[in-house]
Amino acid sequence: MANVVLVHGAWSDGSIWQAVIAALQDEGHHVLAVQLPLTSLAEDIAWTRRRIAAFDEPVTLVGHSYGGMVISGAAHGNSQVSALVFVAAYVPDESESLRMLTARGATAKGRSAIRFAADGWSTLDPGLFGDALAADVPATTTRVLAAVQKPTHPACFSSPSGRGAWRDLPCAYVVSADDQILDPGLQRWLAQRANATVTELRSSHLSPVSQPANVAAAISGMLNAGTSPALG
């Protein structure tokens with residue numbers, strides 16, 4: 001039995017983890033999902049640290065997409081965090097922002113769905129949401145996810161990270177091979193740099209929604225002595 005804190009990414013909320021939570025709970029694990037304010041990287045890290053503190057024992061942090069930036073910051077200098085799992089996520093090192101890491105990879109066509117308001121807050125065009133994030137998710141579910149998406153402040157994308165927590169903790173990475181918004185080649189490079197145990201899925205960016213059983217299995221692999229599940 002382990003403690004797991006799940007952290008969502010930009011333009012979403014904790015509901016993307018519903019089926020993953022159920023699978024982990026069925027295995028007997030204690031699971032919490034963070035609801036990020038998406039107002040800045042610093043504030044999102046603070047909210048995640050509050051959820052970590054709800055447990056008395058070691059915690060494994062799991063981050064999707066931008067959530068990788070958040071779990072890295074929340075784990076830094078936090079002796080309660082025992083491991084990290086990145087799911088189609090950014091894995092920063094010191095002074096790297098999400099924007100900087102994105103520039104290292106190939107241009108993903110799904111990024112054309114991002115819409116910035118005059119004040120800098122961003123959302124995804126609802127009509128393009130499925131193509132950008134969730135091409136392998138049923139259309140009815142995609143429409144709901146687009147309708148409930150949370151606007152994200154530009155500070156989330158531009159703020160630099162502290163020391164990469166992957167330098168001090170065991171890591172796993174779940175690559176989304178069919179990702180249209182975060183270059184799969186960049187994902188593989190980030191996983192290699194972090195010396196992470198890798199699971200690769202033929203999945204869109206939203207693998208926690210389209211392939212929750214496989215994502216849960218990858219998390220369980222880290223919880224169970226760091227062994228890797230079979231590649232999917």
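The values are calculated or read from the model by the stated rules, or taken from the named source; none is laboratory data. This is a predicted model, so every value here is computed, not measured. Every residue, glycine among them, receives a Cβ derived from its backbone with ideal geometry; neighbour counts consider all protein chains shown. Surface accessibility is based on the protein's heavy atoms, side chains included, excluding ligands, DNA and RNA. Shrake-Rupley method; radii C 1.70, N 1.55, O 1.52, S 1.80 Å.
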Between P170, P138, which is open to solvent by 30 Å² or more (accessible area, probe 1.4 Å), without any contact (Cβ under 8 Å) to a residue 24 or more places away in the chain and either over 15 Å from S65 (Cβ atoms) or acidic (D, E) (or both)?
P138
Residues located in region 7-25, provided they are surrounded by fewer than 24 Cβ atoms within 10 Å (Cβ to Cβ) and either closer than 26 Å to D125 by Cβ or among the aromatic types (F, W, Y) (or both)
D13, G14, S15, Q18, A19
Within region 173-206, can you find the residues that are surrounded by 24 or more Cβ atoms within 10 Å (Cβ to Cβ) and assigned to a loop (DSSP other than H, G, I, E, B)?
D179, I181, L182, A194, S203, S204, H205, L206
From the list G130, G77, G28, G110, which residue is free of Cβ contacts under 8 Å to residues at least 40 places away in the same chain, open to solvent by less than 20 Å² (accessible area, probe 1.4 Å) and more than 15 Å from the chain's Cα centre (by Cα)?
G130
Restricting to region 141-167, name every residue that is in contact with a Lys or Arg (Cβ under 6 Å, 6 or more places away or on another chain) and open to solvent by less than 50 Å² (accessible area, probe 1.4 Å).
F157
Scope region 41-88; condition small (G, A, S) and not in a loop (DSSP other than H, G, I, E, B); matching residues:
A42, A46, G63, G67, G68, S72, G73, A74, A75, S82, A83
